[in-house]
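S.K.: Supplied in structure tokens, the structure appears directly below.
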Amino acid sequence: MNPFGHRHILGISQLAPGDITTILDTADSLKEILDRPIKKVPPLRGRTVVHLFLEPSTRTRLSFEMAAKRLSADTVGISAATSSLVKGETLVDTARNIEAMRPDVLVLRHPASGAPHLMARHVDAAVINAGDGTNEHPTQALLDLMTVRERLGRLQGLRVAIVGDIAHSRVARSDILAFSKMGAEVVICGPATLLPPDPAALGARVTLRMEEALEGADVVIMLRIQRERMGQNLLPSLREYAARYGLDRRRAALAKPGALVLHPGPLNRGVEISPEVADGPCSVILDQVTNGVAVRMALLSLLVREG
Amino acid sequence: MKPVLLRNARLLDPASNLDEAGDLLVADGRIAALGRGIPPPEGAIVTDLSGAWLGPGLVDMHVHLREPGEEYKETIATGTAAAAAGGFTAVAAMPNTRPPNDSAAVTRFILDRAAAAGSARVHPVAAVTRGQAGKELTEFFDLLDAGAVAFSDDGRPVESPEMMRRALEYARSAGALVISHAEEPALATGVMNEGRVSTLLGLAGTPAAAEEVAVFRDVRLAALTGARLHVAHVSTAGAVEILRRAKEAGIAVTAETAPHYFSLTEEAVAGYNTLAKMNPPLRTEADREAVIQGLRDGTLDAIATDHAPHSVLEKECEFALAANGVIGLETAVPLALDLVRADALSPLDLFRFLSTAPARILGIEGGSLQVGAPADLCAIDPDRPFAVIPENLRSRSHNTPFLGRTLTGRAVLTLLAGTPVHDLDGRLAPAAR
């Protein structure tokens with residue numbers, strides 16, 4: 001076991017506030033590497049990181065790959081289309097086969113909630129959850145925390161509004177858990193068709209009115225609306241959604257002056273967020289992307305560090 | 001076969017309200033006498049059952065034996081062996097085999113296999129609709145003649161209310177029982193109960209309402225048609241309440257629950273435990289308590305296991321992909337005994353819910369200690385520890401959330417028509433010769 005004390009990063013649910021602070025502090029110290037002319041340091045030299053992405057992903061996968069390479073790890077990537085899972089191999093057999101090749105870290109993105117937990121039971125490698133179904137996306141929440149702490153200097157006592165499709169969003173679920181653990185107050189907002197059945201279980205307060213969610217918010221996290229939700233009778237139209245739950249300049253003004261606007265991407269401009277807000281002075285969307293690499297470097301170095 | 005004298009047991013017969021210490025004599029495969037101090041006939045095998053409860057062989061009105069079609073999970077032979085080990089002398093086999101039991105040929109195949117296996121009586125439940133597809137009724141009369149005891153599309157609901165109405169009407173003409181798998185599929189899109197735990201695990205939930213609207217629909221259709229309806233695997237407080245009202249209104253409905261619904265809650269799913277994945281799903285503590293109350297006040301008539309074997313292949317995978325179901329034949333007795341120990345049920349109730357009532361609902365022989373009846377008997381040691389580990393299970397599959405736990409109480413002796421089919425301590429071994 002590494003000194004960090006966790007073998008895997010399966011979700012924010014497993015992390016204590018102290019663990020989160022350790023990760024954020026480590027990420028802060030590693031971020032500087034990204035600005036060097038030669039962006040490579042040796043801590044993971046000779047280590048192997050497998051990226052098993054069984055669901056489409058651009059930024060998360062790239063971010064993990066880049067984080068591993070910045071730390072000098074060897075990386076191997078497998079995607080859904082090129083894995084043996086399309087031949088009917090079970091996830092457990094895939095896990096056993098990957099394990100037989102002795103990787104150090106396995107980064108897993110999977111469409112089923114709990115898949116990284118299953119994987120972790122069958123491999124010795126450290127498993128990092130890069131998004132599992134509608135369960136968690138812990139590294140996204142950690143990079144959101146890092147971005148907010150960097151800009152506002154604290155997490156404790158902040159008011160965080162999360163707006164959009166909370167029910168189907170692993171980002172929202174990890175964010176709710178993460179911000180709550182760090183002492184922030186989390187308010188979630190969306191039409192009732194897009195809210196989880198028991199938000200209090202996660203530690204969030206609920207409102208159906210966007211204005212109420214935004215009032216006094218220090219941080220506004222807008223979530224991407226997936227177009228297929230309309231086919232599931234969860235939304236009548238994107239037009240109405242944009243009108244009631246989209247973040248435009250007028251609504252953004254309800255939040256505290258200088259409130260940060262976050263979005264996990266990819267953006268639906270003009271749906272959940274207007275272009276002038278997405279590109280405006282309060283937007284930290286691109287900081288999130290940069291910090292994503294730093295947070296993932298932090299996790300890799302914490303999990304793989306020699307005990 | 002030599003006569004067998006079972007002495008000094010606590011005799012429990014709900015059919016005659018008998019609960020007293022005594023002896024029971026088995027001769028020629030039948031119950032020959034019961035009472036105090038029965039003298040052993042010449043050549044009889046005599047065994048002392050002090051400390052044990054002796055009642056009618058248990059009747060499980062809801063099991064999945066997986067044969068034909070999925071013999072790698074269970075066969076009629078292994079399933080009935082598990083039944084015997086659990087104290088059951090009769091089981092009703094649900095029709096969702098491959099092919100489904102929707103024809104007299106399949107019904108007869110099941111009966112033939114059961115006769116060859118010989119560990120427990122098997123009563124086939126035939127499908128309500130051909131292929132369980134919900135489109136055309138099966139031949140109820142023909143299936144009854146072949147040996148079916150009831151009709152159900154269990155595993156799935158009869159989706160169309162109109163089809164369910166016709167099934168109930170037609171069943172009434174045939175004097176048949178229809179067993180409802182009460183679930184509204186349009187609402188039952190989740191993989192566990194919808195609520196606190198599904199929120200925490202990020203799993204899609206199925207609300208209790210998915211069961212309740214279906215129970216309400218079928219109860220209303222039973223009232224409309226005058227047919228006999230039985231509701232399977234009741235799991236929610238709302239469903240218990242709907243059934244309570246229906247019974248008060250005089251509607252001919254009976255209902256069962258399963259041991260997991262009074263023993264476990266949705267919390268058992270924590271950690272994505274696929275062994276706790278079942279349909280209907282494990283519910284909340286309030287639902288669990290309502291199910292127990294439903295048994296106490298007679299709203300629920302029977303305890304059935306919904307024994308649903310699955311191999312490791314179907315369970316060691318992503319939670320959303322895992323099969324629904326839990327084995328139950330061998331753990332029903334200790335779990336029901338938990339209710340007795342909690343003073344929620346009496347020992348007589350235990351045999352009522354697990355034997356007398358299901359036999360009466362299905363209209364089959366058994367469920368009593370009547371002199372002259374076939375000696376289908378079950379002896380339970382209520383204090384016997386039972387480690388639920390694969391080596392101790394006779395079912396071919398081991399998918400139970402109780403795996404690895406030690407339960408208290410166990411069937412120690414099961415006689416089928418006087419022949420020991422489960423004899424944990426080998427006390428009647430000579431009788432088998």
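S.K.: Label points 7 Å out from Cα along the Cβ direction at A:Ile38 and B:Ala186: separation in nm?
M.R.: For the pair A:Ile38/B:Ala186, the computed spacing is 6.7 nm.
S.K.: FRET efficiency for B:Gln370 and A:Arg96, Cβ-Cβ distance as r, R0 = 51 Å, nearest 0.05?
M.R.: E(calc), rounded to 0.05, equals 0.35.
S.K.: Taking H as built 1.01 Å from N, whose amide H comes closer than 5 Å to the amide H of A:His122, not counting residues under 5 places away?
M.R.: So A:His122 has HN proximity to no qualifying residue.
S.K.: Now for a different question. In debye, nearest 20, what is the charge dipole magnitude of the range A:76-184 about its Cα centre with +1 on Lys and Arg Cβ and -1 on Asp and Glu Cβ, if you could check?
M.R.: Charge dipole, the range A:76-184, about its Cα centre: 320 debye, nearest 20.
S.K.: Thinking of the range A:63-141 as a set of Cα atoms, what percent of all their pairs are more than 17 Å apart?
M.R.: Roughly 47 percent, once rounded to a whole number.
S.K.: Let me confirm one metric for peptide B:314-321, namely the mean number of other chain beta-carbon atoms within 10 Å of its residues' beta-carbons.
M.R.: Mean shielding by partner chains, rounded to a whole number: 6.
S.K.: Compute the FRET efficiency between B:Ala249 and B:Glu136 as 1/(1 + (r/R0)^6), taking r as their Cβ-Cβ distance and R0 = 41 Å, and round to the nearest 0.05.
M.R.: FRET efficiency, B:Ala249 to B:Glu136: 0.85.
S.K.: Something else about it: Between A:Val148, A:Val186, A:Val41, where does the largest GNM mean-square fluctuation fall for chain A, given springs only between Cα atoms within less than 10 Å?
M.R.: Evaluated over chain A, the most mobile residue of the options is A:Val41.
S.K.: Further question on the same structure: Just list whichever of B:Lys247/B:Lys277; B:Lys73/B:Lys277; B:Lys277/B:Lys315; A:Lys69/A:Lys181 have alpha carbons separated by over 20 Å in the model shown.
M.R.: B:Lys247/B:Lys277; A:Lys69/A:Lys181
S.K.: Moving on. Hey, any idea what the orientation-averaged projected area of the convex hull of the range B:298-419's Cα atoms comes to, in nm²?
M.R.: Computing the convex hull of the Cα atoms and averaging its projections yields 9.2 nm².
S.K.: Let me ask something additional. Starting from the eigenvalues of the Cα gyration tensor, five times each then square-rooted, give me the equivalent ellipsoid semi-axes of the range B:31-136, largest first, whole Å.
M.R.: 36, 13, 12
S.K.: By accessible area of protein heavy atoms, probe 1.4 Å, what ranking do B:His260, A:His117 get, highest first?
M.R.: Largest to smallest exposure gives the sequence A:His117, B:His260.
S.K.: While we're looking at this one, here's another question. Just tell me how shielded A:193-199 is by partners: mean number of partner chain Cβ atoms within 10 Å of each residue's Cβ, no decimals.
M.R.: 4
S.K.: Tell me the mean residue ellipticity at 222 nm calculated for chain B from its helices only (DSSP H runs of n ≥ 4, each -39500 (n - 2.57), averaged over every residue, nearest 500).
M.R.: The helix-only estimate for chain B comes to -8000 deg cm²/dmol at 222 nm.
S.K.: Counting only protein heavy atoms and a 1.4 Å probe, tell me what percentage of chain B's accessible area is made up of carbon and sulfur.
M.R.: Carbon and sulfur: 50 percent of the exposed surface of chain B.
S.K.: Okay, moving on. With the Cα gyration tensor of the range B:177-256 giving a ≥ b ≥ c as the square roots of its eigenvalues, does the rule (a/c under 1.5 for rounded; else a/b larger than b/c for prolate; else oblate) give rounded, prolate or oblate?
M.R.: prolate
S.K.: Considering amide H positions built from the backbone, and no H for Pro or chain starts, which residues 5 or more places from B:His307, or on another chain, come under 5 Å of its amide H?
M.R.: B:His64, B:Gly328
S.K.: Hey, another quick one. I need the phi-derived Karplus couplings for the range B:299-311: 6.51 cos²θ - 1.76 cosθ + 1.60, θ = phi - 60°, integer Hz, Gly and Pro marked x.
M.R.: 5, 9, 8, 9, 10, 10, 8, 6, 3, 10, x, 9, 6
S.K.: Can you tell me the relative contact order of chain B? Whole percent, Cα pairs under 8 Å, sequence separation 6 or more.
M.R.: Over chain B, the number comes to 20 percent.
S.K.: Mind grabbing the interface size between A and B? I mean buried accessible area, both sides, 1.4 Å probe, in Å² to the nearest hundred.
M.R.: The contact between B and A buries close to 1300 Å².
S.K.: Starting from the alpha-carbon convex hull of the range A:3-46, give the projected area averaged over all orientations, in nm².
M.R.: With the hull built on Cα positions only, its mean projection is 4.2 nm².
S.K.: Among B:Ala232, B:Ala268, B:Gly250, whose Cα lies farthest out toward the positive end of the dipole of the range B:203-331, if unit charges sit on the beta carbon of Lys, Arg (+1) and Asp, Glu (-1)?
M.R.: Final value for the positive-end residue is B:Gly250.
S.K.: With both bridge residues required to lie in the range B:13-159, what share of the DSSP beta bridges run antiparallel, to the nearest 5%?
M.R.: 40
S.K.: Turning to a different aspect of this structure: How about A:Lys40: which aspartates and glutamates have a C-alpha closer than 18 Å to its C-alpha, ignoring those fewer than 8 places off in the same chain?
M.R.: Here the aspartates and glutamates satisfying the reach criterion relative to A:Lys40 are A:Asp28, A:Glu32, A:Glu65, A:Asp74.
S.K.: Towards the positive end of the charge dipole of chain A, with charges on Cβ (+1 Lys, Arg; -1 Asp, Glu), say which of A:Gly270, A:Leu30, A:Pro257 has the farthest Cα.
M.R.: It is A:Leu30.
S.K.: log₁₀ I(q)/I(0) of the range B:252-306 at q = 0.12, 0.13, 0.17, 0.28 Å⁻¹, via Debye over equal Cα point scatterers, no solvent, to two decimals?
M.R.: At q = 0.12, 0.13, 0.17, 0.28 Å⁻¹ the computed log10 ratios are -0.28, -0.32, -0.53, -1.13.
S.K.: Please report, for the Cα atoms of chain B, the Rg to one decimal and the Dmax as a whole number; what are they, in angstrom?
M.R.: 20.6, 67
S.K.: May I pose another question? So what J values fall out for the range B:82-87 if you push phi through Karplus, 6.51 cos²θ - 1.76 cosθ + 1.60 with θ = phi - 60°, rounded to Hz, Gly and Pro as x?
M.R.: Per-residue couplings from phi come out as 5, 4, 4, 5, x, x Hz.
S.K.: Something else now. Could you state the number of Å between the C-alpha centres of the range B:318-383 and the range B:233-273?
M.R.: Taking the Cα centre of the range B:318-383 as reference, the centre of the range B:233-273 is 16 Å away.
S.K.: Using per-residue counts of other Cβ atoms within 10 Å, averaged over each peptide, order B:35-45, A:222-232, B:57-67 from highest down.
M.R.: So the order, starting with the most tightly packed, is B:57-67, A:222-232, B:35-45.
S.K.: Quick one: work out the % antiparallel among DSSP beta bridges in the protein assembly as shown, nearest 5.
M.R.: Of the beta bridges lying entirely in the protein assembly as shown, close to 35 percent run antiparallel.
S.K.: Something else now. Tell me, what HN-Hα J-couplings in whole Hz come from the Karplus equation 6.51 cos²θ - 1.76 cosθ + 1.60 at θ = phi - 60° for each residue of the range A:136-144, using x for Gly and Pro?
M.R.: For the range A:136-144, the Karplus curve yields 9, 9, x, 5, 5, 5, 5, 6, 5 Hz.
S.K.: Please report, to two decimal places, log10 I(q)/I(0) for the protein assembly as shown at q = 0.10 Å⁻¹ as given by the Debye formula with identical point scatterers on the Cα atoms and no solvent.
M.R.: After summing over all Cα pairs, the log10 values are -0.99.
S.K.: Additional query: Determine one quarter of the surface area of the Cα convex hull of chain A, which equals its mean projected area, and express it in nm² to one decimal.
M.R.: Result: 15.5 nm².
S.K.: Using a Förster radius of 22 Å, what is the FRET efficiency between A:Thr193 and A:Asp248 based on their Cβ-Cβ separation? Nearest 0.05, please.
M.R.: 0.50
S.K.: Taking amide H positions as placed in the peptide plane 1.01 Å from N, state which residues far from B:Ile31 in sequence (5 or more) or on other chains have amide H under 5 Å from it.
M.R.: The list, which skips near neighbours in sequence, is B:Gly372, B:Ala373, B:Ala375.
The values are calculated or read from the model by the stated rules, or taken from the named source; none is laboratory data. Since this is a predicted model, take the numbers as computed values, not measurements. Heads up, the Cβs are rebuilt from the backbone with ideal geometry, glycines too, and the neighbour counts pull from every protein chain shown. Note: areas computed on protein heavy atoms with side chains; ligands, DNA, RNA excluded. Shrake-Rupley method; radii C 1.70, N 1.55, O 1.52, S 1.80 Å.
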